[in-house]
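The values are calculated or read from the model by the stated rules, or taken from the named source; none is laboratory data. These figures come from a predicted structure and were not determined experimentally. Quick reminder, even Gly has a Cβ in these numbers, built from the backbone with ideal geometry, and neighbours come from all protein chains shown. We work out accessible area using only protein heavy atoms, side chains counted, and drop any ligands, DNA or RNA first. Shrake-Rupley method; radii C 1.70, N 1.55, O 1.52, S 1.80 Å.
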Amino acid sequence: MAKLGFIGLGVMGGQMVSRLLDKGHTVTGYNRTRSKAQWLVDRGMKWGDSPRAVTSATDFTFVMVTNSEALNSVAEGPDGYLAGLSAGKVMIDMSTVSPTVSRALAAKVREKGADMVDSPVSGSVITLQEGKLSVMVGGRRETFNRVQPLLMDVGPKVSYVGDNGLALSMKIAINLSLAVQMMAFSEGVLLAEKSGIPRETAVDVLVNSAIASPMVKYRGPFVLKLPDEAWFNVNMMQKDMLLAMEMGRQLDVPLPTTAICNEFLTAARGMGLVEQDFAVMFDVLAHMSGVSR
């Protein structure tokens, strides 16, 4: 078993470490707030006092943080993970950030004689726990071959998509569709409800109809009751919408439905719903429709 590191032990990162421990790996982890990772320490995860301590002690280190700023903060400086890298080590960055930022960081990793792949995932906490997560990888093919067995222990579907940054491009392309699907689902629920159909009935019919993607099946019921802890909150989704629109401008691809969904996410923030799962877009549209949750 490889000596693994993991930086960023939030909801998804923590569950990934749990799976890696179940597979028999030795994992050294770091999180900005240690108390949130105590349950993993209790399960046998070793604790690293800094990102540098993690990469110094391990061969392969996963990173999963919220945005480009957070990624740079754990990478740079005397305690950053770049300082702990040496020849032969590999960074597996699972954060969803700008492809440009990721490529620049990969270049700094290679200056240390190490290598880096971007490896975002598609799925939720539920799909991770059910062993159905999909993982995308961008980077050198030979490095992908080294990390593929480790990623298979996280999710059963691991796809090599090309050079550094391209897995992030793929992830952003996927995530814009999640918001668009949620908006369309909300429109359907509200149209049915205001026609006189109980919301519970409308949801049941829709999540078992031709429009029921995996995302609709697990997130559609959130229009009945939001989860106590957001799987993917408004700020996180809006960050990805903005990344998508930035890419659209760069590549001359119009993204009209993405732009509309982004405005509804802004409205959710204005309504004080920023910490809710992005399915709260339903509440924004419901309010505009004269319907309460």
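What is the calculated FRET efficiency for Glu69 to Val291, with r their C-beta to C-beta distance and R₀ = 25 Å, to the nearest 0.05? Show your work: numbers first, answer last.
On the way: r = 37 Å, r/R0 = 1.48.
So, using R0 = 25 Å, E works out to roughly 0.10.
Can you tell me the equivalent ellipsoid semi-axes for the chain? Use √(5λ) from the Cα gyration tensor, largest first, whole Å. Provide the component values of the computation, followed by the final result.
On the way: eigenvalues 255, 82, 58 Å².
In descending order, the three semi-axes are 36, 20, 17 Å.
Cβ neighbours within 10 Å, averaged per peptide: list 172-181, 54-63 in order, most packed at the top.
Ranking the peptides 172-181, 54-63 by packing returns 54-63, 172-181.
Work out the charge dipole of the chain with +1 on the Cβ of Lys and Arg and -1 on the Cβ of Asp and Glu about the Cα centre, then indicate which of Val17, Leu128, Ala87 is farthest towards its positive end.
Of Val17, Leu128, Ala87, it is Ala87.
How many lysine pairs are close in the chain, with Cα atoms under 18 Å apart and the two 8 or more places apart or on different chains?
So the count works out to 15.
For region 84-193, how big is the tail of P(r) above 15 Å, as a whole percent of Cα pairs?
Across region 84-193, Cα pairs with separations above 15 Å total 66 percent.
Rounded to the nearest 0.05, what FRET efficiency do Gln250 and Gln38 have when you use their Cβ-Cβ distance and R0 = 45 Å?
For Gln250 and Gln38, the calculated efficiency is 0.60.
For the chain, what proportion of DSSP beta bridges, expressed in % and rounded to the nearest 5, is antiparallel?
Percentage antiparallel, nearest 5: 15.
Over the chain, give the accessible area per residue in Å² for a 1.4 Å probe, as an integer.
With all protein chains present, the chain gives 44 Å² per residue.
Can you give the Rg to Rh ratio for region 143-182, taking only C-alpha atoms and Rh from Kirkwood?
1.07
First compute the accessible area of region 53-133 with a 1.4 Å probe, then give the percent of it belonging to carbon and sulfur atoms.
Carbon and sulfur atoms account for 52 percent of the accessible area of region 53-133.
Could you check the simple spin-label distance between Ser177 and Ser213, using points 7 Å along Cα→Cβ, in nm with one decimal?
0.5
Using the alpha-carbon centroid of each, what span in Å lies between region 58-123 and region 213-227?
Centre-to-centre (Cα) distance: 32 Å.
Taking the Cβ-Cβ separation of Thr201 and Ala87 as r and a Förster radius of 45 Å, what is the calculated FRET efficiency to the nearest 0.05? Mind dumping the intermediate values first?
Details: r = 61 Å, r/R0 = 1.36.
E between Thr201 and Ala87, to the nearest 0.05, is 0.15.
Which percent of Cα pairs goes in each bin when the distances of region 161-293 are cut into 5 angstrom slices starting at zero?
2, 10, 20, 22, 19, 14, 7, 4, 1, 0, 0
When N counts the residues of region 36-135, how does its alpha-carbon radius of gyration compare numerically with 2.2 N^0.38 Å, as a ratio? Kindly include the intermediate steps, with their values, before the conclusion.
Details: Rg = 14.0 Å, N = 100, 2.2 N^0.38 = 12.7 Å.
In units of the 2.2 N^0.38 Å rule of thumb, it is 1.11.
Test of understanding: what is the full-extension gain from Asn145 to Thr266, defined as 0.36 nm times their sequence separation minus their Cα-Cα distance?
Extra length from Asn145 to Thr266 when fully extended: 39.5 nm.
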